[in-house]
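These notes concern the structure reproduced below.
The values are calculated or read from the model by the stated rules, or taken from the named source; none is laboratory data. This is a predicted model, so every value here is computed, not measured. When we count neighbours, we look across all protein chains shown, and the Cβ atoms used for this are built from the backbone with ideal geometry, even at glycine.
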Amino acid sequence: MFKNIKTHLFKKILSAQEENRKNILRMLPSEFNEETKILDLGCDDGSWTLSLSKNSPKVLLFGVEVVEERKKIAVNKGINVKSFDLNKSFYFEDNTFDIVHSNQVIEHLHDTDNFVSEVYRVLKPGEIFIVSTVNLSSWHNIFSLLLGYQPFDLSNISTKGNIGNPFSLWNNAESENSKHKSWQHMRIFTVYSLIDLLKKHGFTVLNVLTSGYYPLPNFFSKLDKKHSHYFVIKAQK
């Protein structure tokens, strides 16, 4: 029975992740100007980065990836990729990019002030930052705390796999990802706290979209954004 529940929840998570990716694409312009420069922070193997361009020949794609094997794959896909610590200064000039994108990255960083400040610096004036992450105040995280367990989204804090939550889908399981310290979660935001951080670094928040409301359908996350699992913020410099 417990195995069936896990399988059901895993499907719900995959559905929420897919809806989150759709929300990110909804934040992008319907058409791109000539030589639009998009920077994907934490571009992995570049598969999702390519989706950000919507197959437009007008887009120039850039990425940052610290896992060397992933970086090589992204480079082979035609993406201009650099490797550096996103907790430190970015290796780009001021006012370089039209769009900066970050999906499921900010929660892996310990210096989020530096991260947001550097994004602001490398964006052109008036241009867009699209950032997505997990929500600390999602219901499943809240219920975990009420039971005395680690929040689901803060259980991957060890190279030994997820810890502190027996209901975690990957509890006590080491994986290829967990061997990388970059896989660990450092800081988890609520919707309101990330909005507040962006505003304090000079951004204007334009829109927020959400997904994931377990065990209910994604639709309910639209009605109660502050307790959704995933959220995307579109902010302007």
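Being touching a residue at least 12 places away in the same chain (Cβ under 8 Å) and crowded, with 19+ Cβ neighbours inside 10 Å is a property that Gly63 has. Just one of the listed residues (Asp44, Asp85, Asp98) is within 27 Å of Leu154 (Cβ to Cβ), crowded, with 18+ Cβ neighbours inside 10 Å and out of contact with any His (no Cβ under 9 Å at 6 or more places or on another chain), namely Asp44.
Of all the residues in the range 216-236, those that are within 16 Å of Leu194 (Cβ to Cβ) and among the charged types (D, E, K, R) number 3. Scan the range 169-185 and tell me whether some residue there is assigned to a helix (DSSP H, G or I), touching a His at 6+ places or on another chain (Cβ under 6 Å) and either modelled with pLDDT of 95 or more or closer than 26 Å to Lys11 by Cβ (or both). No - not one qualifying residue is present in the range 169-185. Against the test of being crowded, with 21+ Cβ neighbours inside 10 Å and aliphatic (A, V, I, L, M), the options Ile79, Ile73 yield a single qualifying residue, Ile79. Does the range 191-213 contain any residue that is at pLDDT below 95 and either assigned to a strand (DSSP E or B) or surrounded by 13 or more Cβ atoms within 10 Å (Cβ to Cβ) (or both)? There is at least one residue in the range 191-213 that is at pLDDT below 95 and either assigned to a strand (DSSP E or B) or surrounded by 13 or more Cβ atoms within 10 Å (Cβ to Cβ) (or both). For beta carbons closer than 7 Å, sequence separation of 6+ or different chains, a first residue in the range 31-56 that is aromatic (Phe, Trp, Tyr) and a second that is part of a loop (DSSP other than H, G, I, E, B), the qualifying pairs are Phe32/Ser56; Phe32/Lys58.
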